[in-house]
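None of the figures in this text is laboratory data; all of them are computed from the coordinates on show. In this text, all values refer to a predicted model and were calculated from it rather than measured experimentally. FYI the Cβ positions are ideal-geometry reconstructions off the backbone, even for glycines, and counts take in every protein chain you see.
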Amino acid sequence: MDNLKTQTPNTQSTMNPQMAVEMLQKGNHRFVQGKPLPREFDKQIAQTATGQYPFAIVLSCIDSRIPTEIIFDQGIGDIFNARIAGNFVNEDILGSMEFACKFAGSKLVVVMGHTSCGAVKGACDSVQAGNLTQLLEKITPAVEGTKTKPNEKRSSENADFVNRVAVKNVELTVENICGQSPILCEMYKQGEIDIVKAMYDVASGKVEFLR
């Protein structure tokens, strides 16, 4: 498929979940190589003014180092972008995902965490600060579910622990999507969509899709 072509009902309908994953993988490879596709955003604005047909929705962190469309080398109208500190789901994020897949035709849900995540560090350290307290509590299950060796620090001082918690958080988020959204769960079982896990490395720019 021509990545330069703005998504249309036809291009979206002919894509399957695996093709969507490959589109993102190829886009990230271009990004890392410093060879993004040339795009005419003014034309894409005009072409998407009357409708949108994104092939995926990506849930990622609000971290400013992770501009989702850029790291996947996608254009206007290609992907839905849901962002929240700690990339977890709540009823609003789930509703957005259901809209993206059930009503707007997206074929793929990507839950993407990242290395050196500030939200994860805050959860590891049990930070208490206004509304942030409740937000970080959503990540606490990942902290509690991440094993450590004897005498290994379970705090933000341990970068490896932080990154392992970030991976666990992605895994739990995918479980929560399947457990809390009958719509997405049914679409997944029917093969209409895929729900995949990914991690972004802030040091290299690479996205690793997890199994």
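Can you pull out the residues in segment 76-131 that are in a loop (DSSP other than H, G, I, E, B) and either of a type in the set (S, T, N, Q) or at positive phi (or both)?
GLY77, GLY86, ASN87, ASN90, GLY105, SER106, THR115, SER116, SER126, GLN128, GLY130
So which of SER60, SER64 is within 13 Å of the chain's Cα centre (by Cα), within 30 Å of LEU136 (Cβ to Cβ) and not hydrophobic (A, V, I, L, M, F, W, C)?
Unique residue meeting the criteria: SER60.
If PRO54 passes every condition in (1) surrounded by fewer than 18 Cβ atoms within 10 Å (Cβ to Cβ); (2) assigned to a loop (DSSP other than H, G, I, E, B) but one, which one does it miss?
(1)
Quick check: anything in segment 29-50 part of a loop (DSSP other than H, G, I, E, B), touching a Phe, Trp or Tyr at 6+ places or on another chain (Cβ under 6 Å) and over 14 Å from VAL207 (Cβ atoms)?
no
Identify the single condition in (1) closer than 20 Å to MET187 by Cα; (2) touching a strand residue (DSSP E or B) at 6+ places or on another chain (Cβ under 6 Å); (3) not β-branched (Val, Ile, Thr) that LEU94 does not satisfy, given that it satisfies every other one.
(2)
Take segment 155-196 and flag every residue that is touching a residue at least 40 places away in the same chain (Cβ under 8 Å) and not aliphatic (A, V, I, L, M).
If the condition is that a residue be touching a residue at least 40 places away in the same chain (Cβ under 8 Å) and not aliphatic (A, V, I, L, M), then ASN163, ASN169, THR173, ASN176, GLN180, SER181, GLY191, GLU192, ASP194 are the ones that fit.
Kindly provide the set of residues from segment 164-194 that are under 17 Å from GLY86 (Cβ atoms), polar (S, T, N, Q) and surrounded by 19 or more Cβ atoms within 10 Å (Cβ to Cβ), ordered by number.
Those that are under 17 Å from GLY86 (Cβ atoms), polar (S, T, N, Q) and surrounded by 19 or more Cβ atoms within 10 Å (Cβ to Cβ): ASN169, THR173.
Go through the residues of segment 132-147 one by one and say whether even a single one is touching a residue at least 60 places away in the same chain (Cβ under 8 Å), assigned to a loop (DSSP other than H, G, I, E, B) and more than 16 Å from the chain's Cα centre (by Cα). Break it down into steps so the answer makes sense when it comes.
Of the residues in segment 132-147, the ones touching a residue at least 60 places away in the same chain (Cβ under 8 Å) are none.
No, the conditions are met nowhere in segment 132-147.
Looking at segment 39-50, can you tell me whether even one residue there is within 27 Å of ALA123 (Cβ to Cβ), basic (Lys, Arg) and surrounded by fewer than 18 Cβ atoms within 10 Å (Cβ to Cβ)?
No, segment 39-50 contains no residue that is within 27 Å of ALA123 (Cβ to Cβ), basic (Lys, Arg) and surrounded by fewer than 18 Cβ atoms within 10 Å (Cβ to Cβ).
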